[in-house]
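For reference, the structure is listed below as structure tokens.
The values are calculated or read from the model by the stated rules, or taken from the named source; none is laboratory data. Treat the numbers as computed from the prediction; the structure is a model and nothing was measured. Cβ sites come from the backbone with ideal geometry, for glycine too, and all protein chains shown count toward neighbours. These area figures cover heavy atoms from the full protein model, side chains too; ligands, DNA and RNA do not enter into them. Shrake-Rupley method; radii C 1.70, N 1.55, O 1.52, S 1.80 Å.
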Amino acid sequence: MFTGIVAEIGSIAGVAEAGRSRRLSILAPQTQVGLSVGDSVAVNGVCLTVVSMGPTLFDLEAVPETLERTNLGGLRPGTPINVERPVAAAGRFDGHLVQGHVDGVASVRSLRSDDESSRLWFDLATEHHRYIVRKGSIALDGVSLTVSGVDDSGFEVVLIPHTLQVTTMGALAVGDQVNVEVDVLAKYVERLLEAHK
């Protein structure tokens, strides 16, 4: 389980195709401390497993299902990424419940910078739209955010200066795609209501 509080901006050091899967070599020095093969790491909000370790890099593998549902297929060497390790059971819990199970991608429709913040509108596939509510939680590329607006085709978030500085969100441009994980609580509520129809 993650919280959507990004630990560091890492980078893709290498990409190797393995059949229909991809092996990603990650440079993220803070995250690598104490990391072992078999541990989970969220990369742009996608929970992946460490498959090998080196002195300065660690490798993760993304299978076809993950590549089809996320933006990981577009990562290239040098691409900056948001990195987070799972929250410890006795650790402080900020952000919101983030599983690292991405529902799909959203595209940046527009962005506007104010004096101290940025407003971004995203277009989102219709099947996920019902889970988005104003003032609700959402994870974008692994960043826990609050929805500030909703319309018929997407949603808006407002990014504070700190978020723009310590995540990859500050580099987004119109047309860029981000991984979206909707609030899992909304999905559970929907399922429970369906069972009582």
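Here is how the numbers come out for the structure above:
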| item | result |
| --- | --- |
| Sparsely packed chymotrypsin sites (Phe, Trp or Tyr not before Pro) within the stretch 31-132, loop by DSSP, other Cβ within 10 Å at most 13 | PHE93 |
| Extended-chain gain in nm, criterion 0.36 nm per residue less alpha-carbon gap, GLN165 and ARG130 | 9.6 nm |
| Helical mean residue ellipticity (222 nm; -39500 (n - 2.57) per DSSP H run of 4+; nearest 500) of the chain | -4000 deg cm²/dmol |
| Accessible surface, per residue, of the chain when the full set of protein chains is kept, probe 1.4 Å, Å² | 51 Å² |
| Relative contact order (%) - criterion: Cα under 8 Å, at least six apart; region: the chain | 24 percent |
| Karplus-derived 3J(HN,Hα), 6.51/-1.76/1.60, for each residue of the stretch 16-29, Hz, glycine and proline x | 10, 7, 10, x, 8, 9, 9, 9, 10, 8, 10, 9, 8, x |
| Ratio Rg/Rh [Cα only; Rh per Kirkwood] for the chain | 0.97 |
| Cα Rg, Dmax, the stretch 104-152, angstrom units | 11.0, 35 |
| Lys, Arg +1 and Asp, Glu -1 on Cβ, resulting dipole of the chain about Cα centre, debye, nearest 20 | 200 debye |
| For ASP176, distant residues with modelled amide H under 5 Å away | VAL108 |
| Accessible surface of the chain, 1.4 Å probe, proportion on carbon and sulfur as whole % | 53 percent |
| Helix axis angle, 184-195 relative to the chain longest principal axis, alpha carbon, degrees | 60 degrees |
| Sequence-separation-based contact order of the stretch 127-197, relative, with Cα cut under 8 Å and 6+ spacing, percent | 33 percent |
| Relative contact order (%) - criterion: Cα under 8 Å, at least six apart; region: the stretch 71-141 | 23 percent |
